[in-house]
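Engineer: Sharing a structure below in structure tokens format, with a few things to ask.
The values are calculated or read from the model by the stated rules, or taken from the named source; none is laboratory data. Just so we're clear, the structure is a prediction, and the values are computed from it rather than from any experiment. Ideal geometry is used to build each Cβ from the backbone, glycine not excepted, and the neighbour counts take in all protein chains shown. Keep in mind that these areas ignore ligands, DNA and RNA; they rest on the heavy atoms of the full protein, side chains included. Shrake-Rupley method; radii C 1.70, N 1.55, O 1.52, S 1.80 Å.
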Amino acid sequence: MDNSLSVTSSPHLRHTETTRGIMGDVIISLLPAAVFGCILFGLKAVLVLAVCVATAVLAEFLWCLVLKNTIGDLSAVVTGLLLGMNLSSEVPLWVAAIGSFAAIIVVKQFFGGIGCNFANPAIAARIILLVSFSGMMTKFTEPIADTVSSATPLAAEEGVYSLRQLFFGMHSGCIGETSAFLLLVGGVYLVIRRVISPTTPLCF
């Protein structure tokens with residue numbers, strides 16, 4: 001009997017589904033909150049999401065073209081969608097494009113691609129944008145309104161938002177972060193599909 005230990009690279013958890021299938025489930029889980037954000041903040045939110053996803057896919061395509069690889073696993077779509085949902089609808093489209101490019105090329109591909117990332121590419125790109133364009137990244141708008149520089153729940157005075165508003169998302173913020181309810185719906189979907197285990201989310 002061999003009792004020796006072996007060290008291998010990620011992934012360490014195995015799943016019967018393909019990477020493309022898992023990424024498809026993640027996209028489905030994000031859609032309720034993303035669509036709600038587009039309804040809440042209008043055409044600007046749609047454009048930010050579209051630019052983030054399109055730039056992420058294009059950056060991945062160009063990288064894979066050079067390396068003779070494939071982009072069919074939908075991970076670039078997930079990265080672009082996650083980044084877009086973490087941005088304000090007021091962010092200039094060129095800033096959104098820079099963020100997606102940084103997420104795919106700098107954070108993901110420079111470190112070996114999917115499964116080898118030192119951090120989540122979308123969140124790392126958001127931090128890069130926040131440090132580089134802090135003024136643009138902290139400019140928000142009220143739902144279905146033109147008044148910008150509105151306070152988010154964390155920056156607002158106590159009592160400005162009710163628990164109902166905070167839970168269902170009728171307040172300013174990033175495109176995909178406002179509705180806790182719809183994000184939870186997406187999380188439940190991933191648990192039902194066995195893409196994630198409920199243990200870690202429940203602990204947090």
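Engineer: Based on Cα coordinates alone, diagonalise the gyration tensor for region 43-114, multiply each eigenvalue by 5, take square roots, and list the semi-axes in whole Å, largest first.
Structural biologist: 22, 11, 10
Engineer: Would you work out what percent of the accessible area of region 17-115, with all protein chains in place, is carbon or sulfur (probe 1.4 Å)?
Structural biologist: Solvent-exposed carbon and sulfur of region 17-115 make up 77 percent of the total.
Engineer: At 7 Å along Cα-to-Cβ for each site, give me the label-to-label distance between Ala119 and Ser134 in nm.
Structural biologist: Label-label distance for Ala119 and Ser134, simple model: 1.6 nm.
Engineer: Sticking with this structure for a sec: Would you pull out the residues with amide H under 5 Å of Gly173's amide H, same chain only if 5 or more places away, H placed 1.01 Å from N?
Structural biologist: Excluding prolines and chain starts, which carry no amide H, the hits are Thr141.
Engineer: Further, regarding this structure: What is the local net charge at Val188, summed over the other residues whose Cβ is closer than 13 Å to its Cβ (Lys, Arg +1; Asp, Glu -1)?
Structural biologist: Taking every other residue near Val188 into account, the sum is +1.
Engineer: Using a Förster radius of 41 Å, what is the FRET efficiency between Val188 and Leu65 based on their Cβ-Cβ separation? Nearest 0.05, please.
Structural biologist: 0.60
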